[in-house]
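Participant: Right, I'll just put the structure down here and ask away after.
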């Protein structure tokens with residue numbers, strides 16, 4: 001029997017560590033947190049110093065039972081969760097749940113899962129850091145209080161089933177305000193002029209310094225170029241250099257994986273977690289840009305071996321953020337000699353990205369020669385051409401950082417040889433109409449960058465935050481291709497000046513983050529009534545307070561109290577006195593009834609309303625389609641929504657109807673409803689009787705497969721196949737089936753017994 005029990009958070013981590021320890025050690029996993037705040041209002045005792053009430057999660061009871069059994073059989077327990085606030089909290093919860101104060105325990109941490117790191121940790125155990133635990137606890141309690149207090153306000157004042165959060169709501173605000181900037185932006189046209197010259201057998205591209213604000217001025221200049229003798233005014237060569245960027249932090253890894261690999265933030269973190277647990281990279285939740293001396297030495301050996309001694313240059317990087325937590329190294333490979341790994345495609349690609357960035361950070365700067373050429377043009381103007389020659393590639397041999405901002409320029413190319421005073425042969429002069437551009441919509445990489453700049457959240461929270469604001473329906477990925485826009489092109493070729501009108505797409509939001517109507521209305525409501533919570537500086541200052549708690553400088557319950565007391569008063573006042581928020585917009589007048597038409601948020605989402613709530617005749621309502629918004633819908637588009645339900649034919653002697661419902665468009669035949677799914681290429685506009693019949697029969701087949709058994713004793717009793725397995729339905733109530741039963745063999749009497757012995761639901765709110 002093993003003498004030592006090591007407890008980690010994940011089975012993969014356990015498997016890796018077990019390889020490094022001898023027969024005297026057994027390694028088990030807690031599968032993450034084993035305790036969390038209880039559900040409902042009783043989870044935090046506000047009156048007694050915000051004392052939290054923790055319970056063992058239902059899915060972790062078996063894990064705890066097994067761990068307790070093992071604890072009794074060993075001499076020593078080692079808590080080896082991650083070395084951060086979350087990991088420290090996991091160890092503390094394990095200590096409390098397993099009663100390790102009586103048994104005794106040792107806390108160990110390591111930045112990388114390698115044999116040397118694990119053995120060194122075993123040799124240097126420590127106590128649980130209560131300050132780190134308190135920092136995690138404070139964050140969890142504050143976020144629970146904010147969510148539990150604000151969400152009911154939104155249910156009453158906007159629509160049911162909404163949620164708010166200290167970080168998520170501020171992230172939505174960023175997306176909403178960016179969209180408002182775009183909507184306010186007035187695009188102006190200008191003309192950019194380019195030249196193409198022949199230099200021997202080569203071509204030289206050049207840009208005119210400055211731009212024209214009208215078509216007439218642009219055309220006048222181009223015409224003057226017809227007889228102009230172009231010559232090189234000056235050639236300036238300057239030495240230049242490029243330096244490598246720091247190794248990855250969690251945030252920069254998320255950004256770069258998005259840009260280079262197309263990974264979502266959550267996908268990046270999931271893959272990085274697997275690499276860490278396999279012992280291939282260091283801990284992947286870090287703000288640090290530092291490398292240990294051991295890592296630098298290993299990088300040096302690999303660089304000199306693979307590329308030569310001249311490619312190595314030791315460098316130390318400074319974190320730009322004052323709030324950065326430097327507990328760990330930057331993210332790096334545990335073995336620099338391993339250039340690539342034999343693994344799943346995602347893991348192999350992310351590993352190579354980490355390896356390249358890490359190795360490049362310790363390589364020599366690239367040496368360049370930058371050349372700038374000025375070319376004489378009419379009206380005392382000049383064309384300019386720039387280029388770069390790489391004299392020594394340095395770190396560029398391995399890695400070049402991607403640009404998060406769309407407008408950032410890449411390196412220029414080579415220029416053909418020429419001398420000052422040389423005459424140039426004009427090939428073509430082109431003046432193209434361009435337009436000033438609004439700010440870019442956020443993608444995941446740029447949103448992460450912005451959150452980090454503002455100090456909102458922590459790198460470990462970016463992935464769940466971005467996921468949450470989309471799941472809640474506050475932000476969605478754009479699907480519009482954009483609209484066509486005309487632009488003019490003036491071209492000089494030979495002695496002929498010609499004009500042409502071309503088209504381009506503008507305003508595309510495909511794949512970018514766009515706020516929904518709900519996101520806008522909720523943000524505006526929270527900004528009006530809870531400006532403190534929504535303030536960027538406040539959110540960042542809260543993160544700093546968590547840092548101070550982690551350092552033992554601030555008492556966590558005092559920090560919570562100072563925030564909660566005035567916040568709670570504001571919540572009660574808002575519930576009592578604020579108006580309901582709907583984002584209502586007057587569209588115009590219904591031509592048939594003469595009543596006002598409104599676009600607003602209703603109980604079931606964005607909708608159009610004809611008439612007033614206090615009219616003698618009840619108002620008419622119609623839900624907006626997925627691609628419509630209360631911000632932009634027109635009267636004409638709104639009227640189309642009221643044309644449903646529509647009869648499109650008959651089937652089996654019964655009218656077939658198409659309609660729009662709460663959950664989308666559908667086909668109806670008597671009491672049968674079949675969804676019209678856009679993913680299948682179906683829409684309300686293109687559905688015909690033939691296709692509707694296909695959907696009806698598919699729905700019938702689905703219903704037949706859903707049914708397991710019915711009962712003559714009670715026609716409301718059914719055994720059905722559901723999303724999560726078989727279940728019992730009696731009338732409108734559903735009941736879980738025991739795991740050890742065969743649904744098809746259950747009798748009427750057994751079903752009655754199952755319905756009587758259902759476990760009571762947990763976590764219900766107490767009635768006041």
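All of the numbers you see were taken from the coordinates with simple rules; none came from a lab. All values derive from a computational prediction rather than experimental measurement. Virtual Cβ from ideal backbone geometry, glycine too; neighbours counted across all protein chains shown.
Participant: What number, in nm² with one decimal, is the all-direction average of the projected area of the convex hull of the alpha-carbon atoms of the range 263-403?
Facilitator: 12.4 nm²
Participant: Right, something else. Once the piece of chain linking residue 102 and residue 453 is laid out straight, how much longer is it, given 0.36 nm per residue of separation minus the C-alpha distance between them?
Facilitator: So the chain would gain 121.8 nm between residue 102 and residue 453.
Participant: Which value in nm describes the separation of the simple spin-label points at residue 708 and residue 233, placed 7 Å from the Cα toward the beta carbon?
Facilitator: Distance between the two pseudo-spin positions: 8.4 nm.
Participant: Treat each spin label as a single point 7 Å out from the Cα along the C-beta direction, and report the residue 538 to residue 621 distance in nm.
Facilitator: Going by the 7 Å Cα→Cβ label model, 3.2 nm.
Participant: Contour minus end-to-end for residue 694 and residue 580, with contour as 0.36 nm per residue of separation and end-to-end as the Cα-Cα distance?
Facilitator: Answer, rounded to one decimal: 36.7 nm.
Participant: On to the next question. In the chain, what percentage of the DSSP-assigned beta bridges are antiparallel, given to the nearest 5?
Facilitator: Here the antiparallel bridges make up roughly 90 percent for the chain.
Participant: Next question, about the same structure. Give the whole-number value, in cubic angstrom per residue, of the convex hull volume spanned by the C-alpha atoms of the range 187-328.
Facilitator: Convex hull of Cα atoms, per residue: 261 Å³.
Participant: Looking at the calculated P(r) for the range 712-756, what percent of the C-alpha pair distances fall above 13 Å?
Facilitator: Counting pairs separated by more than 13 Å, the tail of P(r) holds 49 percent.
Participant: Which of rounded, prolate or oblate describes the range 85-239 when judged by the alpha-carbon gyration tensor and an a/c cut-off of 1.5?
Facilitator: oblate
Participant: Based on the alpha carbons, how large is the Rg to Rh ratio for the range 280-320 when Rh follows Kirkwood?
Facilitator: Radius of gyration over Kirkwood radius for the range 280-320 works out to 1.03.
Participant: Let me have the relative contact order for the chain, percent, based on Cα pairs under 8 Å that are six or more residues apart.
Facilitator: Reported as a whole number, the value is 12 percent.
Participant: Report the full-extension gain for the segment residue 31 to residue 646: residue separation times 0.36 nm, less the Cα-Cα distance, to one decimal in nm.
Facilitator: Gain on stretching residue 31 to residue 646: 216.1 nm.
Participant: Can you give the alpha-carbon Rg of the range 1-154 over 2.2 N^0.38 Å, where N counts its residues?
Facilitator: Dividing the Cα Rg of the range 1-154 by 2.2 N^0.38 Å gives 1.13.
Participant: Mind listing P(r) for the range 327-449? All alpha-carbon pairs, 5 Å bins, whole percents.
Facilitator: 2, 7, 11, 13, 14, 13, 13, 10, 7, 6, 4, 2, 0
Participant: Pairs of Cα atoms under 8 Å, at least six residues apart: use those to get the relative contact order of the range 4-128, whole percent.
Facilitator: Reported relative contact order: 27 percent.
Participant: Where the eigenvalues come from the Cα gyration tensor of the range 619-768, what are the semi-axes √(5λ) of the equivalent ellipsoid, largest first, in whole Å?
Facilitator: Semi-axes from the Cα gyration tensor: 38, 23, 13 Å.
Participant: For residue 489 paired with residue 342, estimate the spin-label separation in nm (one decimal), with each label point 7 Å from Cα along the Cα-to-Cβ line.
Facilitator: Calculated label separation equals 5.2 nm.
Participant: Now a separate question. Assign one of three labels to the range 585-641, namely rounded, prolate or oblate, based on the Cα gyration tensor with a ≥ b ≥ c the square roots of its eigenvalues; rounded applies when a/c is under 1.5, prolate when it is not and a/b is larger than b/c, and oblate otherwise.
Facilitator: oblate
Participant: OK, next. Evaluate E = 1/(1 + (r/R0)^6) for residue 183 and residue 637, where r is the Cβ-Cβ distance and R0 equals 25 Å; express this FRET efficiency to the nearest 0.05.
Facilitator: The computed FRET efficiency comes out at 0.85.
Participant: Another question, if that's okay. Pop the C-beta distance of residue 205 and residue 685 into the FRET formula with R0 = 41 Å and round what comes out to the nearest 0.05.
Facilitator: That gives a FRET efficiency of 0.30.
Participant: Where a ≥ b ≥ c are the square roots of the eigenvalues of the C-alpha gyration tensor, would you call the chain rounded, which needs a/c under 1.5, or, failing that, prolate if a/b is larger than b/c, or oblate?
Facilitator: Note, shape of the chain comes out oblate.
Participant: In Å, what Kirkwood hydrodynamic radius results for the range 426-523 from the alpha-carbon pair distances?
Facilitator: Hydrodynamic radius (Kirkwood, Cα pairs) of the range 426-523 is 16.8 Å.
Participant: What Rg and what Dmax come out for the range 609-668 when only alpha-carbon atoms are used, in angstroms?
Facilitator: Here Rg and the maximum Cα pair distance are 14.1, 43 Å.
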